[in-house]
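The values are calculated or read from the model by the stated rules, or taken from the named source; none is laboratory data. No experiment lies behind these values; they were computed from the predicted model shown. With ideal geometry, Cβ positions are generated from the backbone for all residues, glycine too; neighbour counts draw on all protein chains shown. Heavy atoms of the whole protein, side chains included, go into the accessibility calculation; ligands, DNA and RNA do not. Shrake-Rupley method; radii C 1.70, N 1.55, O 1.52, S 1.80 Å.
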Amino acid sequence: MIQQHYYTRDRKGVYSDTPGYDTIAKSINLEDDFIVNYLHPLCFYEAPAILGGEEDMTKYPKALFCINTEDNKMVIGQSVFAGKDYTGKRNRYFTHNYIISEEEREEYIQNPEKIIFLDNFFNDYNIDNGKTIPEVSRTTWNKAWENTLSIDEMLHKTGIDEIRFKELILAAFHGALYKKKIYIVLNCELSELNILSKELLRYLYACIPFEVRRKIGFINYMKEPKNKDFINIIFLPKGSIKRLTTEIKAGYVFDFADNNFYLDDIDRSEHVFSNFAINNLHRMTEFFKAMDKLPIKNKLNITEYDNIINFIKEDVSFSLENIQDRYKEFLNINNKEKKSEKKPIDNQVINRNTDSNRSCREYGNLKGESSFKFLAKFIKKIKSFFNCK
């Protein structure tokens, strides 16, 4: 079952008998330690300065966030500007969290639209209704996203070109592997930030493997840069990055509004995997399901996936039943080759029996039945999915 949690300013709360911000209601099986250690630090919201004094609450951006905890739970929450508190004088915010168990988390990892477009959040609660709120068996999400922007339309509306999008993919890997922060400022009006950030997130998540998704978190509105544990991808309004502080420079900056980018240690070379993912977006879920079963040495390293794409392209004589053995053999052979050359395993992309001058783009541009033939042989289970015979 999925636990729930509400947090705001009120006359009293679950942990305090005095006025102020506190948990005001929670599901009965939600542990106090988890609330204090994970949920309370996530319950925050600062309204945009430009909306100071605005009484129309629909004009305030919502802050949707998602994190993965150290004990493999997932928290999907939303903080909103909630107007006046119980005194009628002070403004407040309201946070509603869903806590997903480790067993149920995989459904969300494999279907990130259920995170990004989750829509059954509450924006207020009367504490007279009690401090206990029910567990739920499922969450609901807005399926209208299926008819939203294409990737080309999204890139155009956000002012992102394909090169920068590939850098975002690589930054996401680094966010998972090195706990890097990724600050994103879209070239859009405040009123469009929630919509366009979700569009970018759905395409970004479509391009990153399940293991990366298990390690990163995001928030789609923050007034200004803040360092919050477990949140890697941070969307900010235009003009919110005044200067590059030491803390900000520890991560990456994608300021598309001011055309300002800080990408220290980002590898600018082409990656076979990024090209492949961008050109096969609607097929990547099944691809990642297959990848998740492979004995990949480091599933947070994009070079491992470059190797796999080269492996698939090179060797079409295998099936679902023997794929793991063939891949282990592939890695063992090339491990010996690399040791003989005295080079680290992760620093060389394997490229046996292929044209070394073939571009990454050519690897990635895989369309039509004949182009997907090698994928059909790679995993028999999804043969019909790729319309290959």
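Structural remarks
- Selection status of residue 161, open to solvent by 20 Å² or more (accessible area, probe 1.4 Å), in contact with a strand residue (DSSP E or B) (Cβ under 7 Å, 6 or more places away or on another chain) and not hydroxyl-bearing (Ser, Thr, Tyr): no
- Within region 60-70, not a single residue is closer than 30 Å to residue 260 by Cβ, of a type in the set (Gly, Ala, Ser) and touching a helix residue (DSSP H, G or I) at 6+ places or on another chain (Cβ under 8 Å).
- The lone exception for residue 144 - which of (1) in contact with a Lys or Arg (Cβ under 9 Å, 6 or more places away or on another chain); (2) open to solvent by 50 Å² or more (accessible area, probe 1.4 Å) it fails: (1)
- Residue match in region 12-19 (condition: open to solvent by less than 60 Å² (accessible area, probe 1.4 Å), under 26 Å from residue 104 (Cβ atoms) and not aromatic (Phe, Trp, Tyr)): yes
- Filter result (polar (S, T, N, Q), open to solvent by 40 Å² or more (accessible area, probe 1.4 Å) and touching a residue at least 12 places away in the same chain (Cβ under 8 Å)) within region 20-61: 29
- Subset of region 1-11 that is open to solvent by 20 Å² or more (accessible area, probe 1.4 Å) and over 27 Å from the mean Cα position of the chain (by Cα) - its residue that is farthest from residue 91 (Cα to Cα): 11
- Of all residues in region 85-110 being in contact with an Asp or Glu (Cβ under 8 Å, 6 or more places away or on another chain) and of a type in the set (Phe, Trp, Tyr), the one that is modelled with the lowest pLDDT: 86
- Elements of type strands (runs of 3 or more DSSP E) in region 174-289, at least 2 residues being buried (at least 19 other Cβ atoms within 10 Å of the Cβ): 182-185, 233-236, 252-255
- If you check 128, 152 for being open to solvent by 80 Å² or more (accessible area, probe 1.4 Å), over 22 Å from residue 195 (Cα atoms) and charged (D, E, K, R), only one passes: 128.
- In region 121-170, the residues that are without any contact (Cβ under 8 Å) to a residue 60 or more places away in the chain and among the β-branched types (Val, Ile, Thr): 140, 148, 163
- Residue count for region 67-89, restricted to those that are closer than 13 Å to residue 6 by Cα and hydrophobic (A, V, I, L, M, F, W, C): 4
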